[in-house]
Structure formats: C-alpha cells, structure tokens
1. Taking the stretch 222-247 as the search range and keeping residues that are touching a residue at least 12 places away in the same chain (Cβ under 8 Å) and surrounded by fewer than 17 Cβ atoms within 10 Å (Cβ to Cβ), which one is nearest to residue 267 (Cα to Cα)?
2. Among the residues in the stretch 451-466, are any buried (at least 22 other Cβ atoms within 10 Å of the Cβ), touching a residue at least 60 places away in the same chain (Cβ under 8 Å) and within 26 Å of residue 22 (Cα to Cα)?
3. Conditions: (1) touching a residue at least 40 places away in the same chain (Cβ under 8 Å); (2) surrounded by fewer than 18 Cβ atoms within 10 Å (Cβ to Cβ); (3) among the hydroxyl-bearing types (Ser, Thr, Tyr); (4) closer than 23 Å to residue 289 by Cβ. Residue 143 meets all but one. Number of the miss?
4. Taking residue 152 as meeting all but one of (1) within 15 Å of the ligand (Cβ to nearest atom); (2) over 13 Å from residue 279 (Cα atoms); (3) in contact with a Ser or Thr (Cβ under 9 Å, 6 or more places away or on another chain); (4) not small (Gly, Ala, Ser), write down the number of the exception.
5. Examine the stretch 60-73 for a residue that is without any contact (Cβ under 8 Å) to a residue 40 or more places away in the chain, over 20 Å from residue 429 (Cα atoms) and more than 29 Å from the chain's Cα centre (by Cα), and state whether such a residue exists.
6. Which of the residues belonging to the stretch 501-511 are more than 12 Å from the ligand (Cβ to nearest atom) and loosely packed, with under 11 Cβ neighbours inside 10 Å?
7. Out of the residues in the stretch 405-420 that are farther than 13 Å from residue 380 by Cα and within 23 Å of the chain's Cα centre (by Cα), which is surrounded by the most Cβ atoms within 10 Å (Cβ to Cβ)?
8. Out of the residues in the stretch 371-381 that are without any contact (Cβ under 8 Å) to a residue 60 or more places away in the chain and assigned to a loop (DSSP other than H, G, I, E, B), which is surrounded by the fewest Cβ atoms within 10 Å (Cβ to Cβ)?
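Only the coordinates and a few stated rules stand behind these numbers; no lab work does. A quick note: this is a predicted structure, and the numbers were derived from the prediction, not measured. Positions of Cβ are backbone-derived with ideal geometry, glycine not excepted, and every protein chain shown enters the neighbour counts.
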Amino acid sequence: MGKLTLRSTLQWKNLEKNYKQIKKLTLRELFKDKDRYNKFSIHDDNIRIIFDYSKNIITSSTFKLLIDFVKLSKVNEYARKMFSGEKINLTEKRAVLHTALRNRSNNPVYINGNDVMSQINSALLKMKKFSNNLRNGRWFGATGKKIVDIVNIGIGGSCLGPKMVCEALKYYADGPSIYFVSNVDGTDIYEVLKKLNPETTLFMIASKTFTTLETVTNALTARSWLTGKLGIKAIANHFVALSTNTKKVLEFGIDRQNIFELWDFVNGRCSLWASIGLSIACFVGFDKFVELLEGAHYIDQHFLNTPYEKNIPVIMAALGFWYNNFFGASAHAVLPYSQYLHVFSAYLQQNDMESNGKAINFEGKRVTYETGPIILGDVGTNCQHSFYQLFHQGTKLIPCDFIGFINPLREIGDHHEKLMASYFAQPEALAFGFTRNQVSENLKAAGFSSADIKALTPHKVFEGNKPSNSILIDKLTPKTLGALIALYEHKIFVQGIMWCVNSFDQFGVELGKTLADGILPELKGQTGKEHDNSTKNLIKLFNLRRNNMIL
Ligand code: G6Q
C-alpha cells in the first residue's frame, strides 16, 4: 500500500460512494431482477457445492467495486507466496504452509531451498501405519489389550480442529472412541477419565510447543492416572505426542518412536491437516483422512486458479468486508444446519478471530478502519429458538452464512425436510421480512380489535433487508467437509490481506498467560507482584476464603 492509506484509495472511496446509494435500496427491490440468482451464485459441480450470495445488499456495480478492491489488495500475489512457502508470517518470520499438508498433487514446495513434501509425506505415512495398527488391534496396551478409547489432550488449535472434524464425521467413525480434554479446569479431565479403563486407553498429547500450561498439566494428570495403575513402563504403550518439541516430549517420558512430527510452518489453528489430525485418522480411518485432505486440496486449487469473480472464498471475503467496513456490521454468523457440525462455529471462531482480530497493519501502524468481525453461531434449528430474535428484529446487522446439505446422513422420517425447510425459510425471512401491512392484515384475519392491531403491529414487523449467503452441499462427507473448512480458511486469509493485518500470529493471547504465570505462586501462598487495587483485593479474598480464614 506504500504511503497510501487504505481509506484514501480510489477503490475504497468508490465503495463508500456505492454504499451511499445502496443503503437506500432493499433486497425486495433488488430481487425484482429475475435473473439475480443466476448473477450471484456459483455452482461447483465437481465437489457439488452451491454458493448463493444473491441475498446480499449489492448490485452488479457493488460487486465490481468489491472485486476492484480485492485486486488492489493483490490477493493473488499473496496467495502464490503462501502456497510457495514464502515467509508471509512477517512477525514470526515463518512460512504458512497448511496448504502443503494437503498438497495431493505432491508438487514440490520449497522452504529455504528444501522441498517440504518429503517430510510431509513421511509424516503422513507414519500416521497411516499407526492409525491402521491401532484400529486393527495391532497396537496393544501394556497388558496386551486392544486400545478402545483415545484421549486427545490439547487446547486451541491442538483441540478445536480435530474435535470439530471428529464430531462432523461421527457418521463415518468405525474406530476407537475419542475424547477431547483441553481445559485446565480439572473437572474436564476428571469427567473423561472416570469413564475409562487405563488398560485400553491411549493418550495423544497434542501440543506444537509442548509447553502449553493447560496441556502439560492435563498430560501430567493423565500420566499419574495411568502409571498409578499400570506402572511407569506403560507410558510407551499408552502415550503418543503430536509436537515440534522433541526435547520436551522426551523429558516428559514419551518414547521417541511415538512422536508424530509437526513443523513451524504449520499454524496451530490450521494444524488439523497435519499430525494434530491423528485422532481423526484413528477415528474414521486413514483413507477418510486423506479424503478430507483431498477436499481441501480441491478448494486450494479453486482458490489459486479461479478468477476473483467466480472465486468462492474471495467473494465470501469481499462480502464480509463490505458489511464490516461500510455497513458497520461488527459480527458475522455461521449457521450449519447439521447436528454433526455442532462444533463448526466454535472452530471458526478461533480460526477467524485469532487470525484477523488485529489492529496493527503490515507497516506496524494502527489501522483506521475495522478489521476481523466477531464470529458467532451454532447449529440450526437450535439457534432459531435463541439468538435469531436479534438477527430478525434487533438493532444490529449480522450477516449470516447458512450451511445445509441436500442429503442427510441418516434418513429418519421427515426430519431432513423439516430441518431444510428452516434452512430455506430463515434467509428468506431475513431478506424480505414481513411488512406493516402484512402484519396488520394477519392480525385482522385472526380477529384482533383495531386497538390491539395498532398496538401489536410494530412489534410484529420484520424489517427484512438482512443479508446472508447460502452454502448448499450434496452431502456431508470427509471430502466436502475438507472443502468447506478450506473455503473458510481462504476467506480468512483474503480478509487479512484486504485489511493489511498479519493473520498468522496471535500475540494477543500472550499477556493474560504471562500475568497468570505471575499470579500462580500467589495462590500457593507465596508473595507476588504488585497489582492494581481490584486484582489485589480479589486475590486476597480468594486466598482467605480458600483457606477458610474468613467466612
Ligand atoms: C493457534 C494457536 C493456539 C495454539 C494453542 C495450543 O493458531 O497457535 O490456539 O494452537 O495455544 O498451542 P500448543 O499446540 O503449542 O500447545
């Protein structure tokens, strides 16, 4: 961007002008164009995904101006840098190569002149052998019994990705049961361990750094639980590590051959495609894990090679930018109509907010515009009975993504038709609303008095004009799931470029951890550092009451 600030560019100013015109229009008016769906939707017939973005508050000129802005941001150039292993994570001087983990073409990808594909392929082979052995009963516990339960101990990117995928692919699961323990709150691990038999349990300690307080604490608790029952030698059969930090893993007592490699060029929140996804491979089988990679690779190619005008993640990003930076929308909702995707919004919350929740631009200056939105969501139809009220009638504009499937994984009566009726109805209601006239006619027909009609009508009006995207996929499979995740990963990447923020670091999670490290001794009876008056008094009261020194 050089000396030019983003807001002073011609492209931004053109969008501002367009916004002034567009805000007077409604989706009702825009849909008078009978060809609108054809203009603003994309059908990908290979992976069988339909992306309908016609219910957005845009005209063809808005769309063109948004694409002009994407061009200004040089998204393609950055994408090529990412895929080819350039160190685009500037603050940490690292490459960002989750795309290489699913590079099914196996074309070489170089970092400092070395092709990373050979190490990725050998790590995948190790995952394949291990998951096959475990699933086929060729990996035994210390007492010779088959492993039937796996506990993944990890947090953040070392939990949310594999947990979301395992939940999403539960239909395909034919391996051991999987549990995810992340919280340092001891009840998390307690509630899992109380159900398990150490002789048939395997722990996967998922931690890129192997220094994360929560993970190390939970791993130590798991180790005591296991060795207390089976002895120290049992660690070799019951613990594996998914990590870059061999030294720390060995110090913990896990065998060298039980380490599944990870690399600096894999960002925690995109690590499910690497060894952090070992739980997925054990749960659904390695072949299905590969299908997941294939789906993501397909979208990687779509993202790299499709013109912006037909590029789904680019369009998703540009529309999000439109509402975030011109309509003042501070949140974005992701709403899958599939119970299997019940962790999807929580997963995206991390991926998006940790990536683009930044206020400092590439040049180290504070931005003068809004960046990453608040991501929220849950599965339909559950959230229709909770926070949709605010979407429909609140004062805030929350653009939504509705994700649905043409075919259910389980045909049970007419459940799927009922589910999908809501999937179609909600975006329609948001877009077109229910007018004052429609409300009063309805009330009149229901026999309400004119006084009641007058009083009730404003409460029952749906203003409409609330934008949404609809993503409609044939079926939830490992491949389409991989594709769906990659669509969002690239959307987030594009937005980071558009806002000129480094999407790949997460320094914002550090300060709280550092302060907690300083406070911990104080909660164990040692003297601590200076605090503000509020924190000091709270810690003092905590210590007194915890030690029953006052009521
Ligand atoms: C994600 C972040 C973060 C990370 C966790 C766990 O991009 O880096 O969520 O995954 O803090 O870190 P470890 O894997 O090192 O334990």
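1. Step one: list which residues in the stretch 222-247 are touching a residue at least 12 places away in the same chain (Cβ under 8 Å), which gives 222-223, 225-226, 229-246.
Subsequent filtering for residues that are surrounded by fewer than 17 Cβ atoms within 10 Å (Cβ to Cβ) retains 229, 231-233, 236, 246.
Details: 229: 36, 231: 36, 232: 33, 233: 33, 236: 28, 246: 18 Å.
Per the stated criteria, the residue is 246.
2. Taking the stretch 451-466 as the starting set, the residues that turn out to be buried (at least 22 other Cβ atoms within 10 Å of the Cβ) are 466.
From what's left, touching a residue at least 60 places away in the same chain (Cβ under 8 Å): 466.
Checking the rest, the ones that are also within 26 Å of residue 22 (Cα to Cα) come to 466.
Yes: one or more hits.
3. (4)
4. Result: residue 152 fails condition (2) only.
5. Among the residues of the stretch 60-73, at least one is without any contact (Cβ under 8 Å) to a residue 40 or more places away in the chain, over 20 Å from residue 429 (Cα atoms) and more than 29 Å from the chain's Cα centre (by Cα), which makes the answer yes.
6. First, pick out the residues of the stretch 501-511 that are more than 12 Å from the ligand (Cβ to nearest atom): 501-502, 511.
Passing the criteria: only 511.
7. 408
8. First pass over the stretch 371-381, keeping only residues without any contact (Cβ under 8 Å) to a residue 60 or more places away in the chain: 373-381.
Now drop any that are not assigned to a loop (DSSP other than H, G, I, E, B), which leaves 373, 377-381.
Values: 373: 22, 377: 23, 378: 19, 379: 20, 380: 23, 381: 17.
Going through the qualifying residues, I end up with 381.
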